[in-house]
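**Student:** I'd like to ask you about the structure that follows.
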Amino acid sequence: MTTPVSLRIDFVSDIVCPWCVIGLKALEQALAALGDDVVADWHFHAFELNPGMAAEGENAAEHVARKYGRPAQAGDAARAQIKAMGEQLGFVFRGGPDAMIWNTHDCHRLLHWAQLAGRAHGLKTALFEAHFSRAEPLNDPETLVRAAVSAGLDAAAAREVLASGRYADEVDAQQRWWREEQDVHAVPAIIFNGKYAILGGQPAATFEKVIGRIIAGEA
């Protein structure tokens, strides 16, 4: 019997990034295919795509068109592609013309707390589902609390974290470190064992191939 290889995974992402969902689900699929050969040690890190976003949010299609200078038709095609990729990975994207994009600083504060409790993976998934699958408003603390509860965290403690502003400095420092020290300017950025990086929502086969090479090189 071969000894499982421990694989540290630093997953840098934002809640309102659909390609981060694709990357996470594809990576999960790759790890499932590798089975007991790998023990994943997950670490989730904050990256706000829109740190200046107002609390009331913004229409997602209008925001993307303005930010990236894309015509509406290009946005429609991109959403269709993302939806199809999500279906292949077992994730439902329900975005339409009324979909919103939100300031995610509070999400990242809650995720920081969840990471300390060993529940960040579950909370990340729950927040992705709340935003992309059910179109729940991320500016409503109760949306975040429900996600926390579904990840096995305490509702009252989650409300206290959100109301207190706790972990804001830690989240801001973490983002600065990834941007300024690690030169990460787009997400998802996925780093294996602190030295092998993959950017973007890659297919599961790509992750499986890369992880297989890491296992062969470090076993």
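The values are calculated or read from the model by the stated rules, or taken from the named source; none is laboratory data. None of the values given here were measured: they were computed from a predicted structure. Counting neighbours? That spans all protein chains shown, and the Cβs are built from the backbone with ideal geometry, glycine included.
**Student:** I'm trying to understand the selection: among the residues of segment 178-212, which are touching a strand residue (DSSP E or B) at 6+ places or on another chain (Cβ under 8 Å), closer than 15 Å to L31 by Cα and surrounded by 19 or more Cβ atoms within 10 Å (Cβ to Cβ)?
**Tutor:** I190, I191, F192, F207, I211
**Student:** Right, next: Got a number for residues in segment 36-50 being farther than 27 Å from R179 by Cβ and surrounded by 17 or more Cβ atoms within 10 Å (Cβ to Cβ)? Outline the logic, then answer.
**Tutor:** Let us first name the residues in segment 36-50 that are farther than 27 Å from R179 by Cβ, namely 36-39.
From what is left, the residues that are surrounded by 17 or more Cβ atoms within 10 Å (Cβ to Cβ) are 38.
The total comes to 1.
The rows are residues; the columns are (1) buried (at least 23 other Cβ atoms within 10 Å of the Cβ); (2) polar (S, T, N, Q); (3) over 19 Å from F47 (Cβ atoms); (4) within 13 Å of the chain's Cα centre (by Cα).
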| position | (1), (2), (3), (4) |
| --- | --- |
| D98 | no, no, yes, no |
| H108 | yes, no, no, yes |
| L127 | yes, no, no, yes |
| A130 | no, no, no, yes |
| T143 | no, yes, yes, no |
| A147 | yes, no, no, no |
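**Student:** Here's something else I'd like to know. Take the residues of segment 111-125 that are of a type outside the set (A, V, I, L, M) and part of a loop (DSSP other than H, G, I, E, B): which is farthest from the chain's Cα centre (by Cα)? If you could, list the steps in order and put the result at the bottom.
**Tutor:** Pass one, segment 111-125, residues of a type outside the set (A, V, I, L, M): 112-113, 115, 118-119, 121-122, 124-125.
Adding the requirement that they be part of a loop (DSSP other than H, G, I, E, B) leaves 118-119.
Values: G118: 16, R119: 14 Å.
Among residues in segment 111-125 that are of a type outside the set (A, V, I, L, M) and part of a loop (DSSP other than H, G, I, E, B), the one farthest from the chain's Cα centre (by Cα) is G118.
**Student:** Could I ask something else about it? Which number in (1) within 19 Å of E136 (Cα to Cα); (2) surrounded by 12 or more Cβ atoms within 10 Å (Cβ to Cβ) marks the one condition that E56 misses?
**Tutor:** Tallying (1) within 19 Å of E136 (Cα to Cα); (2) surrounded by 12 or more Cβ atoms within 10 Å (Cβ to Cβ), E56 fails exactly one: (2).
**Student:** Condition test on L89, is it buried (at least 22 other Cβ atoms within 10 Å of the Cβ), aliphatic (A, V, I, L, M) and out of contact with any Asp or Glu (no Cβ under 7 Å at 6 or more places or on another chain)?
**Tutor:** Working: buried (at least 22 other Cβ atoms within 10 Å of the Cβ): no; aliphatic (A, V, I, L, M): yes; out of contact with any Asp or Glu (no Cβ under 7 Å at 6 or more places or on another chain): yes.
When the stated conditions are applied, L89 does not pass them.
**Student:** Moving on. Which residues, counting only those in segment 139-192, are part of a loop (DSSP other than H, G, I, E, B) and within 19 Å of R119 (Cα to Cα)?
**Tutor:** So the first thing to find is which residues in segment 139-192 are part of a loop (DSSP other than H, G, I, E, B), and the list is 139-140, 151-154, 165-167, 182-188.
Within segment 139-192, A151, G152, L153, D154, R166, Y167 qualify.
**Student:** Among (1) assigned to a helix (DSSP H, G or I); (2) crowded, with 16+ Cβ neighbours inside 10 Å; (3) modelled with pLDDT of 95 or more, where does I215 come up short?
**Tutor:** (3)
**Student:** Taking the residues in segment 1-35 that are part of a strand (DSSP E or B) and surrounded by fewer than 24 Cβ atoms within 10 Å (Cβ to Cβ) as candidates, determine which candidate is farthest from the chain's Cα centre (by Cα).
**Tutor:** Of the residues in segment 1-35, the ones part of a strand (DSSP E or B) are 5-13.
Filter once more, so that each one left must be surrounded by fewer than 24 Cβ atoms within 10 Å (Cβ to Cβ): 5-11.
Values: V5: 24, S6: 21, L7: 18, R8: 16, I9: 13, D10: 11, F11: 7 Å.
In this case the residue turns out to be V5.
**Student:** List the pairs whose first member sits in segment 177-194 and is free of Cβ contacts under 8 Å to residues at least 40 places away in the same chain, whose second member is of a type in the set (G, A, S) and part of a loop (DSSP other than H, G, I, E, B), and whose Cβ atoms are under 8 Å apart, counting only residues at least 6 apart or on separate chains?
**Tutor:** Cβ pairs passing all conditions: A186/G200.
**Student:** Show the residue pairs that are 6+ apart or on different chains and have beta-carbon atoms under 6 Å apart, the first residue being within segment 198-219 and more than 23 Å from K83 (Cβ to Cβ), the second being among the small types (G, A, S).
**Tutor:** Pairs found: E208/A30; E208/A33.
**Student:** Quick check on this structure: which one of A155, A205 is modelled with pLDDT of 95 or more and farther than 26 Å from T2 by Cα?
**Tutor:** Numbers: A205 fails: farther than 26 Å from T2 by Cα.
A155 is the lone residue from the list that is modelled with pLDDT of 95 or more and farther than 26 Å from T2 by Cα.
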